[in-house]
Amino acid sequence: LALLALHRFDEAAAQINSTLAARPDLILTHLVAETVDVARHRYPQAEIQARIAAKLSGADPDAAALLVRGIADPTQRVAAVRSLEPVSAQGNDQIIRAMWLTRLGQPDRALAALKICMAKNNCDNTVGRVLWIPAFDPLRNDPRFQALLKKMGLPYTPKAMIPQ
């Protein structure tokens, strides 16, 4: 995730591909590969990784793929956003929900999901790491996002300071 957060996408892809070759059975590996592929705008590859991760975790592969397609295809965006509505209002699920909502162009809903996590005190150290991935770049200069970072005790890095 560090290489991804630094926007070093080619290096992140090489590292995750190496990990995938060694451990194709790990759900997290496929989720990170999906995140790298989305950041690189490689949506067909991201959809494959989303489907594999969903299958390994017992989730619905079509639902996972819909989220990636919602980013790639604006005509599927409404359905993708709608698919996030049943997600429970607890814990770190809200971080993942916020990530997808940001990717799908729903910053207000994404910030609301982050606030739920904060209000329930369910944000752990993982959250701090996840907030630096490129999915959250559209929120980076939003004062509400900056306020959430401050509440979490995390530093603020302006989007302009992040390597592109």
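Every number here is computed from the coordinates shown, using simple stated rules; none is lab data. Keep in mind that this is a model prediction, so the values were computed, not measured. Neighbour counts are summed over all protein chains in view; Cβ atoms, including those assigned to glycine, are modelled from backbone coordinates with ideal geometry.
Tabulated data
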quantity: Stretch gain in nm, segment residue 85-residue 108, where the contour uses 0.36 nm per residue and the Cα spacing is subtracted; calculated: 6.9 nm
quantity: Rounded FRET efficiency, nearest 0.05, which uses the C-beta distance separating residue 7 from residue 152 and R0 of 25 Å; calculated: 0.70
quantity: Extent along principal axes [Cα atoms of the stretch 1-122; Å; largest to smallest]; calculated: 37, 33, 29
quantity: Counted charge near residue 52, where neighbours are those whose Cβ lies closer than 11 Å (Asp, Glu -1; Lys, Arg +1); calculated: -1
quantity: Full-stretch length increase - residue 28, residue 141 - with 0.36 nm per residue and alpha-carbon distance subtracted; calculated: 37.8 nm
